[in-house]
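Take a look at the structure below.
The values are calculated or read from the model by the stated rules, or taken from the named source; none is laboratory data. A quick note: this is a predicted structure, and the numbers were derived from the prediction, not measured. A quick note on method: Cβ atoms are made from the backbone with ideal geometry, for glycine too, and the neighbour counts reach across all protein chains shown.
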Amino acid sequence: MAYPLLLIATVILAPAIITVNGCSPSDKASLLAFKAGLVSCDAAAGRVSDINLRGESEDPIFEKAGRSGYMTGKISPEICKLDHLTTLVVADWKAISGEIPPCITSLSNLRILDLIGNRISGEIPADIGKLQRLTVLNLADNTISGKIPASIVNLASLKHLDLSNNQLTGQIPNDIGKLAMMSRALMSRNQLTGPIPSSIASIYRLADLDLSGNRLSGSIPSGLGQMPVLSILNLDSNSLSGQIPSSLLSNPGMGILNLSRNGFEGTIPDVFGSKSYFMVLDLSYNNLKGRVPASLSSAKYIGHLDLSHNHLCGTIPMGSPFDHLEASSFSNNDCLCGNPLKTC
Ligand SMILES: *[C@@H]1O[C@H](CO)[C@@H](O)[C@H](O)[C@H]1NC(C)=O
């Protein structure tokens, strides 16, 4: 049953791009039908421009087979000879292992590098910043270790960075704000330490920032609340402290804010208003004291509110945003009362 995968590796993708050591059972007919979509050539130059190998795709062939792909092997450095390559996707095969070939940074036409969902280890090539055309760098869900290379801030075209769920250590580069094109920056579930660089606030297009599940410390740079299009901010499960910047809560574009499981202290700024529209506002498991802000009752919408496990006190405000909330949104505080908790 290893035959079809060997076929892909040695015939279709010659020279061997993925070195297959052993393969799981997969459906030969499906793979043969699937192969046509894997590699495409640049018509003018007659050179390989795209490699698209997805183990989990919406492709009807996989759906029909009722399972997703599984493939072991390594990404061979031979791939660096395909110097017209613009897209390299080897995603969701669960068990592609080994390192990212360092020579990959010589593929100067590369726009998309997507290796999500494998077992790739080692470090991100130190000179990754050479890839001046790279718009997507997705290395999520692997076992990549070491630091985020300093050169990453030179990826002038980068729009989408996903390093989530690896074993990265060290700090987020201080000058990450140089990534001016970036709209999504996802670095959750690593072991990153140090502060959130305040330069992030200068990334004008950043809409989605996820740094949750790390060991980040220090306070939230207040500039994060003034970002023009930031609408998703997940900083939960870190060691952040200090006050919650009021600009973060008053920003009408903020739709998902999770600050749960940190050491935030002080009161919750009373700065909500009729433009506040939160799908998620999770401030649970911190050291917040004082009252539930009265202005929250004037919010346009609060979908999921969690203020539990703090040291809040006083009466929960009334108003339409609170009507659908349950006691669990307010539980485990010092002395909160009123609907949906017991009366005062
Ligand atoms: C917020 O983050 C915490 C901790 O990581 C997580 O348990 C919780 O589910 C998140 N809240 C929401 C509403 O997603």
Quick test of your reading of the structure: Gly177 fulfils all but one of (1) more than 16 Å from the ligand (Cβ to nearest atom); (2) in a strand (DSSP E or B). Name the failing condition by number. (2)
Look at Gly266 and say whether it is at pLDDT 95 or above, out of contact with any strand residue (DSSP E or B) (no Cβ under 8 Å at 6 or more places or on another chain), within 21 Å of Leu224 (Cα to Cα) and not aromatic (Phe, Trp, Tyr). no
With respect to the numbered conditions (1) hydroxyl-bearing (Ser, Thr, Tyr); (2) outside any loop (DSSP other than H, G, I, E, B); (3) farther than 20 Å from Pro245 by Cα, which one is the sole condition not fulfilled by Ser188? (2)
State the number of residues belonging to the stretch 114-144 that are in contact with a helix residue (DSSP H, G or I) (Cβ under 7 Å, 6 or more places away or on another chain) and either within 19 Å of Leu168 (Cα to Cα) or basic (Lys, Arg) (or both). 6
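What number of residues within the stretch 205-254 are among the hydrophobic types (A, V, I, L, M, F, W, C) and assigned to a loop (DSSP other than H, G, I, E, B)? It would help to see each step written out before you state the result.
Step one: of the stretch 205-254, the residues among the hydrophobic types (A, V, I, L, M, F, W, C) are 206-207, 209, 211, 216, 220, 224, 227, 229-230, 232-233, 235, 240, 244, 248-249, 254.
With the extra rule that they be assigned to a loop (DSSP other than H, G, I, E, B), the set shrinks to 206-207, 211, 220, 227, 229-230, 235, 244, 254.
Summing the residues that are among the hydrophobic types (A, V, I, L, M, F, W, C) and assigned to a loop (DSSP other than H, G, I, E, B) in the stretch 205-254 gives 10.
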Within the stretch 115-165, residues among the hydroxyl-bearing types (Ser, Thr, Tyr) and under 20 Å from Ile203 (Cβ atoms) come out as Thr135, Ser151, Ser157, Ser164
Sort out which residues of the stretch 191-204 are over 17 Å from Ser237 (Cβ atoms) and assigned to a loop (DSSP other than H, G, I, E, B), and write them in order of number. Pro197, Ile203, Tyr204
So which strands (runs of 3 or more DSSP E) stay within the stretch 68-143 end to end and still have 2 or more residues that are closer than 19 Å to Ser164 by Cβ? 87-91, 94-97, 112-114, 136-138
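In the stretch 262-344, which strands (runs of 3 or more DSSP E) lie fully inside it and hold 2 or more residues that are of a type outside the set (Ser, Thr, Tyr) and within 16 Å of the ligand (Cβ to nearest atom)? Talk me through it step by step, then tell me what you get.
Working: elements: 263-267, 277-282, 287-290, 301-306, 311-315, 335-337.
In the stretch 262-344, 263-267, 277-282, 287-290, 301-306 are the strands (runs of 3 or more DSSP E) which contain 2 or more residues that are of a type outside the set (Ser, Thr, Tyr) and within 16 Å of the ligand (Cβ to nearest atom).
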Filtered residues of the stretch 106-156 (kept if β-branched (Val, Ile, Thr) and either within 30 Å of Ser68 (Cα to Cα) or free of Cβ contacts under 8 Å to residues at least 12 places away in the same chain (or both)): Ile112, Ile116, Ile120, Ile124, Thr135, Val136, Thr143, Ile144
Positions within the stretch 197-236 being of a type in the set (S, T, N, Q), over 21 Å from Asn166 (Cβ atoms) and either at pLDDT below 95 or within 16 Å of the ligand (Cβ to nearest atom) (or both), in sequence order: Ser222, Ser231
Considering every residue within the stretch 248-256, establish whether at least one is more than 16 Å from the ligand (Cβ to nearest atom), more than 22 Å from Ser164 (Cβ to Cβ), among the polar types (S, T, N, Q) and more than 20 Å from the chain's Cα centre (by Cα). yes
The stretch 296-316, residues that are crowded, with 19+ Cβ neighbours inside 10 Å and more than 24 Å from Ser212 (Cβ to Cβ): Ile316
